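Below: one structure, written as structure tokens.
The values are calculated or read from the model by the stated rules, or taken from the named source; none is laboratory data. This one's a predicted model, so the numbers in the text were calculated from it and none came from an experiment. Reconstructed Cβ throughout: ideal geometry from the backbone, glycine too, with neighbour counts over all protein chains shown.
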Amino acid sequence: MINADSKNYFKVVIILLVVWGIIPSASGQDLNPGIKAYQNGDYDQAISLFNQYLQQKPADEQGYFYLGNCYLGKGDWDRAIEQYNKALGIKPKYWEAQVQVGNVYLKKGMLDEAEKIFKEGLKTKERGEFYNGLGLVQVERGKLQEADFSFRKAIAFDEKNAEYHRNLGNANFKKDVLVIAIQEYKTALELDSSLVEANFNLAEAYLKQARFNEAMEEYKTVIRLDPKNQDAYHALGGIYMLDGKHYPEARIIYEEYLKFDPQDSKSLTNLGTCYYHLSRMLTYLLVEGDSLTKTGMLDRAISNLEKSASLKPDVPETFLYLGKSYNDKGESTKALQAFSTYENFMVQKNYEWKKEDADYWVNKGQALAALGDSVSRVEAIVSFDKAIQLDSSKTTAFSSLGAALFDQGKFAEAIPFFQKKIEADSNNAAAILNLAFCYLKLEKYKDAVEPLKRVVELKPDNANAQDLLARVYLNLSKFSEAKDAYIKEIELNPSNCELQSNVGYCYMRLENPAAAVPYFTKAASCFPKKVDNLLNLAKALELTKNNDEAYKYYLKVLEIEPKNKDAIDGRDRIDMQKF
């Protein structure tokens, strides 16, 4: 709910009292100059004129009443009460002065005194003003049902009074009877469309009912009528941020408000938070010709959050998103400094970590892991484990914890976490590949096969995964499968002549030298001075009875390595066959 500025509030109240006929008209011309000065906002001049008037007519209760109104305009509540009491001393049943005294006591938080005044007024004469004042006291005391009754009594005296309907709406809003609250706010606005507080409270009621579009329209109306209304900007921005899809609109709202109040810490934090979330989207066109990359948006997030922290360093959320922004930017040390401040706040509040806090522990773990030293890696494992304890479905934590354990050389311990990540997301190629790496590190080659097959199924253009799979098959002596994997890898990387040699080797182990020859030939043409390729080709040719070609390649090997035993033996075998 909005609290109106005290001076403006009472000025409006007094003007309304004149309109409603509550403030009596001047009894003589001598009061008119003071009234005119008051209406122009020149309170000091009005006070001087009313004092001059009262020197001449010290028994005129209206003079003291008007003088009290001037002190109200200045916000000097004690002097206002003093003047109203002087008026009541002259005319004890001066109900207009009673209403004003009660209202001032209410604003000062003197609820007992305010209640006494309003009840005494009702004993003198039942009026809507007294019931309204009594209802306001009851609202402050949490006696909402009694307040509801009092406001309805006030409306019975004047059903066209917008303030009474608004107050009845407020009482029902606090009672969470939103249907009545909304209806009363609408009635108040029909009677007085400039009643900004009713627009704001109507928006709040819609928000409670999750009627977001209607709430947004009311907040927009508040901003139009009161462009510096901080609460409306924050609320409208908050709605835009609710679904995680309207950060661009929220950014505009907060940047507009900061034009009015660039030192508003809450808006700076919210704007920084918007930029953080925008950085996680695709590059976003902020205005025509002004696009920002992920880094650019993170820089703006950090700038706004740092400024907010300097203005109001006791807001935990500021440091939470500051840490996240630094973490995403790769500045792990600064991220951890911000996270430490955030965490200290939460500890001081005796905060119990909840499921929704799992992301924080994932981010902290990632920052720790990025530092790379052994101590930080151990702390990262603790953070990731905390995230999983809070939210067992936090798949990012599973993969991050697995990676941290892997970096520690704890391959067996990492496996269950990669498996849990895969259970939650069966198409996550990175987690499947990491699982395969764990098996390879543990030399469990058979176990590595299925994860690698799944990776190449998900990512058929991943040449590295194909190569790993082929090597695992070779290690397991599954030469046919290895050959197929290398052939697929050649399709992805046809210029890699080593792969040609690997396929030839597989064919040789499969006792199919004829199929090996084309691959060894290709490898030898790529590296004509590489002995292994020439020797493999010579052996394959010899096995296919192509002795003349084989002999030629044995000689080429001997040109490079004259003492190469395999080449000498091959040459000699062929020579003996000639005789």
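Output the residue which, of all residues in the stretch 393-416 that are polar (S, T, N, Q) and buried (at least 23 other Cβ atoms within 10 Å of the Cβ), is farthest from residue 368 (Cα to Cα).
Selected residue: 399.
From the residues in the stretch 474-509 that are in a helix (DSSP H, G or I) and within 47 Å of the chain's Cα centre (by Cα), which one is surrounded by the fewest Cβ atoms within 10 Å (Cβ to Cβ)? Spell out how you get there, then give the answer.
Step one: of the stretch 474-509, the residues in a helix (DSSP H, G or I) are 474-475, 479-492, 497-509.
Filter again for within 47 Å of the chain's Cα centre (by Cα), leaving 485-486, 488-492.
Details: 485: 28, 486: 27, 488: 17, 489: 24, 490: 20, 491: 12, 492: 15.
Among residues in the stretch 474-509 that are in a helix (DSSP H, G or I) and within 47 Å of the chain's Cα centre (by Cα), the one surrounded by the fewest Cβ atoms within 10 Å (Cβ to Cβ) is 491.
Just checking, which of 229, 201 is surrounded by 15 or more Cβ atoms within 10 Å (Cβ to Cβ) and closer than 21 Å to residue 175 by Cα?
201
Name the residue, out of 156, 147, that is aliphatic (A, V, I, L, M), in contact with a helix residue (DSSP H, G or I) (Cβ under 9 Å, 6 or more places away or on another chain), part of a helix (DSSP H, G or I) and surrounded by fewer than 24 Cβ atoms within 10 Å (Cβ to Cβ).
156
Taking the residues in the stretch 30-49 that are part of a helix (DSSP H, G or I) and within 48 Å of the chain's Cα centre (by Cα) as candidates, determine which candidate is nearest to residue 106 (Cα to Cα).
If we take residues in the stretch 30-49 being part of a helix (DSSP H, G or I) and within 48 Å of the chain's Cα centre (by Cα), then 43 is nearest to residue 106 (Cα to Cα).
Residues of the stretch 100-109 being among the basic types (Lys, Arg) and either assigned to a helix (DSSP H, G or I) or within 24 Å of residue 188 (Cβ to Cβ) (or both), which ones?
Matches in the stretch 100-109: 107 only.
If you take the residues in the stretch 110-139 that are part of a loop (DSSP other than H, G, I, E, B) and farther than 20 Å from residue 168 by Cα, which one is nearest to the chain's Cα centre (by Cα)? Working first, answer last.
Keep residues of the stretch 110-139 that are part of a loop (DSSP other than H, G, I, E, B), which gives 110, 125-127.
Within this subset, residues satisfying the condition of being farther than 20 Å from residue 168 by Cα are 110, 125.
Working: 110: 41, 125: 55 Å.
If we take residues in the stretch 110-139 being part of a loop (DSSP other than H, G, I, E, B) and farther than 20 Å from residue 168 by Cα, then 110 is nearest to the chain's Cα centre (by Cα).
How do the pairs read when you match residues in the stretch 456-482 that are more than 16 Å from residue 507 (Cα to Cα) with residues anywhere that are at pLDDT 95 or above and in a loop (DSSP other than H, G, I, E, B), using Cβ under 9 Å and keeping only pairs 6 or more apart or on different chains?
Close Cβ pairs satisfying both conditions: 472/478.
Give the stretch 522-546 a look and list any residue that's of a type in the set (S, T, N, Q) and surrounded by 18 or more Cβ atoms within 10 Å (Cβ to Cβ), or say none.
Those that are of a type in the set (S, T, N, Q) and surrounded by 18 or more Cβ atoms within 10 Å (Cβ to Cβ): 533, 536.
Listed residues 258, 236, 268; which is free of Cβ contacts under 8 Å to residues at least 24 places away in the same chain and over 19 Å from residue 204 (Cα atoms)?
Every option except 258 fails the conditions.
Among the residues of the stretch 433-454, is any assigned to a helix (DSSP H, G or I) and among the polar types (S, T, N, Q)?
Yes; the residues of the stretch 433-454 include at least one that is assigned to a helix (DSSP H, G or I) and among the polar types (S, T, N, Q).
Kindly indicate the residue of the stretch 286-307 that is in a strand (DSSP E or B) and closer than 14 Å to residue 274 by Cα and also modelled with the highest pLDDT among those meeting that condition. Even if it seems obvious, please write down each step before you answer.
Filtering the stretch 286-307 for residues in a strand (DSSP E or B) gives 286-287, 290-292.
Filter once more, so that each one left must be closer than 14 Å to residue 274 by Cα: 286, 292.
Working: 286: 50, 292: 73.
Applying the filter and picking the extreme gives 292.
Considering only residues of the stretch 229-266 that are of a type in the set (D, E, K, R) and in contact with a Leu (Cβ under 7 Å, 6 or more places away or on another chain), which is farthest from residue 215 (Cα to Cα)?
Residue satisfying both the conditions and the ranking: 264.
In the stretch 385-405, what residues are free of Cβ contacts under 8 Å to residues at least 24 places away in the same chain and under 20 Å from residue 435 (Cβ atoms)?
Within the stretch 385-405, 385, 392 qualify.
Please give the number of the condition residue 210 fails out of (1) part of a helix (DSSP H, G or I); (2) within 25 Å of residue 223 (Cβ to Cβ).
(1)
Scan the stretch 173-181 and give yes if some residue there is among the aromatic types (Phe, Trp, Tyr), in contact with an Asp or Glu (Cβ under 8 Å, 6 or more places away or on another chain) and at pLDDT 95 or above, otherwise no.
yes
Would you check which residues across the stretch 253-275 are over 22 Å from residue 324 (Cβ atoms) and either at pLDDT 95 or above or surrounded by fewer than 24 Cβ atoms within 10 Å (Cβ to Cβ) (or both) and list them?
Correct list: 256, 259, 260, 261, 262, 263.
Can you find, within the stretch 185-196, the residue that is farthest from the chain's Cα centre (by Cα) among those that are under 11 Å from residue 163 (Cβ atoms) and modelled with pLDDT of 95 or more?
Across the stretch 185-196, the extreme among qualifying residues is 191.
Which one of these is polar (S, T, N, Q) and within 27 Å of residue 154 (Cα to Cα): 51, 69?
69
Just the residues that are free of Cβ contacts under 8 Å to residues at least 24 places away in the same chain and within 13 Å of residue 63 (Cβ to Cβ), please, taken from the stretch 30-47.
32, 33
Of all residues in the stretch 522-537, which are of a type outside the set (Lys, Arg) and either under 20 Å from residue 466 (Cβ atoms) or more than 60 Å from the chain's Cα centre (by Cα) (or both)?
Once the filter is applied, which keeps residues that are of a type outside the set (Lys, Arg) and either under 20 Å from residue 466 (Cβ atoms) or more than 60 Å from the chain's Cα centre (by Cα) (or both), the stretch 522-537 yields 523, 526, 528, 531, 534, 535, 536, 537.
Yes or no, residue by residue, for (1) within 16 Å of residue 37 (Cα to Cα); (2) assigned to a helix (DSSP H, G or I); (3) in contact (Cβ under 8 Å) with a residue 60 or more places away in the chain:
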residue: 51; (1), (2), (3): yes, yes, no
residue: 55; (1), (2), (3): no, yes, no
residue: 63; (1), (2), (3): yes, yes, no
residue: 72; (1), (2), (3): yes, yes, yes
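Can you say whether residue 294 is in contact with an Asp or Glu (Cβ under 9 Å, 6 or more places away or on another chain), over 25 Å from residue 391 (Cα atoms), of a type in the set (D, E, K, R) and surrounded by fewer than 18 Cβ atoms within 10 Å (Cβ to Cβ), as far as the supplied structure shows?
Taking the combined requirement at face value, the residue satisfies it.
When you go through 242, 168 one by one, which is the residue that is farther than 28 Å from residue 265 by Cα and aliphatic (A, V, I, L, M)?
From the options 242, 168, the qualifying one is 168.
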